[in-house]
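Worksheet: one structure, shown below.
The values are calculated or read from the model by the stated rules, or taken from the named source; none is laboratory data. The structure presented is a predicted model; accordingly, all values stated were derived computationally and were not measured. All Cβ positions, glycine included, derive from the backbone under ideal geometry; neighbour counts span all protein chains shown. Ligands, DNA and RNA are excluded from the accessible area calculation, which covers all protein heavy atoms including side chains. Shrake-Rupley method; radii C 1.70, N 1.55, O 1.52, S 1.80 Å.
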Amino acid sequence: MLKKKGLLASMLSFGLVLAACGGNDETENNGGTNEAANEGTNNGEAVENNGGNEEAVEVEAQEWRFVTEETEGQVQNVYAEEFAELVSEKSGGQISIDVYGFGELGSEVDQVEQLSTGVVEFAIISPGFTGTLVPEGNIFALQFLFDDDQELNQQVLNESEAINEHLAGKYVEQGIMPLAFWTEGAMQWTGSSALQSPDDFDGFQMRTQESPLILESYEAYDANPTAMSWGELYTGLQQGAVEGQENPLFFIEDANFHEVQDHLTISNHNMYVTMTTVNPDFYEGLDDATKTIVDESIEEMKSRSFEIQAEQNDAALGLIEEATDTPTEVYELSEEERDAFRELAVPVRDSYRDESEDAGMILDMLQDEIEAAQGN
Ligand code: 6CS
């Protein structure tokens with residue numbers, strides 16, 4: 001429960017952090033951040049001996065903010081810290097990025113607004129929290145849509161026109177510019193009771209993220225889904241307010257959900273997709289040299305994000321099984337058992353098509369892209 005105390009302390013320091021972020025109010029900050037970030041920057045020439053890095057580019061000193069939905073040591077934070085390091089190196093130490101973990105600036109939903117209003121320049125935002133704002137982002141709620149091979153899925157996320165052009169465009173319209181879509185691993189179920197067939201979900205109190213089609217996906221199994229921040233989830237599971245949840249293994253283990261759950265089902269029913277995002281006005285306002293530093297760092301983090309999640313997810317199941325003082329029964333669904341869920345999950349795709357004029361086109365294109373990747 002140490003983490004909960006840390007979280008509370010972080011929430012209490014929220015006001016202080018905002019004050020430390022330059023004292024701007026939100027309205028001024030939208031364009032103001034860009035001006036502050038760009039003021040005095042030049043076109044960026046490669047210089048020798050800049051901070052000891054021969055490839056560093058000359059840019060003015062700048063300080064940016066990057067908020068994540070996770071805490072220290074978890075996948076998103078390791079990613080953000082490494083991204084900050086790359087940007088610092090490439091700018092010869094001139095650009096520094098302060099990373100704020102989950103709870104330091106508010107909830108996951110608050111963070112979406114902070115990014116779009118320019119309170120922070122960068123954020124890791126999971127589509128699971130934006131389904132009302134960007135209905136097309138509900139595509140990642142659709143279970144059994146992607147392949148079981150995470151490497152193949154990451155390749156699709158990197159190369160997909162449906163995602164990187166059409167879906168990304170919908171986010172930009174809402175003041176959120178996705179720079180990369182990436183997997184945090186396959187999701188599994190935990191429960192206070194065993195979850196092995198759709199019948200086991202009948203009336204089951206399932207915790208989900210906010211996006212409407214995530215809830216609808218569990219309603220298709222006759223469960224009673226409730227959206228809740230993960231900051232309240234440990235206590236919610238412990239006290240029985242909810243009976244189960246879905247997440248990648250690393251997160252289940254690190255957030256200690258296995259301590260308060262008797263059952264873990266290896267279901268691989270979906271993958272956890274997240275996005276590295278930037279405030280579009282801020283990004284478009286950057287000079288070419290600074291933009292290149294950002295773009296190169298994002299590109300280099302594409303393989304790293306996959307490695308970071310794979311390493312943590314690979315270790316997590318063993319750690320859960322070793323926690324014998326809080327035993328968790330692990331059950332892996334057979335292909336036949338997965339098919340029973342798949343059958344109920346596929347019709348939810350029709351609801352996705354109804355989300356907007358372009359949703360059907362995005363889904364069709366993505367399905368073609370997944371099939372093409374599977375055929376290679
Ligand atoms: O379940 C959640 O809400 C959290 N899960 C992960 C893997 N990252 C952050 C997110 O908020």
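In the list Glu332, Glu299, Glu322, which residue meets the criterion of being loosely packed, with under 15 Cβ neighbours inside 10 Å and under 20 Å from Gln154 (Cα atoms)?
That would be Glu299, the only listed residue that is loosely packed, with under 15 Cβ neighbours inside 10 Å and under 20 Å from Gln154 (Cα atoms).
Report those helices (runs of 4 or more DSSP H) wholly inside region 217-330 carrying at least 3 residues which are more than 20 Å from the chain's Cα centre (by Cα).
The qualifying helices (runs of 4 or more DSSP H) are 233-239, 280-284, 288-322.
Sort out which residues of region 194-225 are in contact with a Leu (Cβ under 8 Å, 6 or more places away or on another chain) and either within 26 Å of Asp354 (Cα to Cα) or assigned by TED's automatic domain parsing to the domain that holds Glu108 (or both), and write them in order of number.
If the condition is that a residue be in contact with a Leu (Cβ under 8 Å, 6 or more places away or on another chain) and either within 26 Å of Asp354 (Cα to Cα) or assigned by TED's automatic domain parsing to the domain that holds Glu108 (or both), then Pro198, Phe201, Arg207, Thr208, Leu213, Ser217, Ala220, Tyr221, Pro225 are the ones that fit.
When you scan region 40-61, do you find a residue that is within 16 Å of the chain's Cα centre (by Cα), at pLDDT 50 or above and not β-branched (Val, Ile, Thr), even just one?
No, region 40-61 has no match at all.
What number goes with the only condition from (1) in contact with a strand residue (DSSP E or B) (Cβ under 8 Å, 6 or more places away or on another chain); (2) open to solvent by 10 Å² or more (accessible area, probe 1.4 Å) that Phe257 does not pass?
Failed condition: (2).
Looking at region 238-250, can you tell me whether even one residue there is within 15 Å of the ligand (Cβ to nearest atom), in contact with a His (Cβ under 9 Å, 6 or more places away or on another chain) and farther than 17 Å from Ala316 by Cβ?
yes
Of the residues in region 305-322, how many are out of contact with any helix residue (DSSP H, G or I) (no Cβ under 6 Å at 6 or more places or on another chain) and touching a residue at least 40 places away in the same chain (Cβ under 8 Å)?
2
Against the conditions (1) away from the ligand (no atom under 15 Å from the Cβ); (2) more than 28 Å from Tyr171 (Cβ to Cβ); (3) open to solvent by 10 Å² or more (accessible area, probe 1.4 Å), where does Thr265 fall short? Just the number, please.
(3)
Any idea which residue in region 190-216 is most open to solvent (accessible area, probe 1.4 Å), counting only those that are charged (D, E, K, R) and in a loop (DSSP other than H, G, I, E, B)?
Asp202
Whether any residue in region 177-186 is surrounded by fewer than 24 Cβ atoms within 10 Å (Cβ to Cβ), modelled with pLDDT of 95 or more and in a helix (DSSP H, G or I) is what I want to check.
No.
Filter region 82-108 for residues that are over 12 Å from the mean Cα position of the chain (by Cα), within 16 Å of the ligand (Cβ to nearest atom) and in contact (Cβ under 8 Å) with a residue 40 or more places away in the chain and give the result.
Tyr100, Gly101, Gly103, Glu104, Leu105, Gly106, Ser107
When you look at Leu363, is it touching a residue at least 60 places away in the same chain (Cβ under 8 Å), open to solvent by less than 20 Å² (accessible area, probe 1.4 Å) and part of a helix (DSSP H, G or I), yes or no?
So Leu363 passes the test.
For region 147-164, what are the residues that are within 16 Å of the ligand (Cβ to nearest atom) and open to solvent by 20 Å² or more (accessible area, probe 1.4 Å)?
Within region 147-164, just Gln150 meets the criteria.
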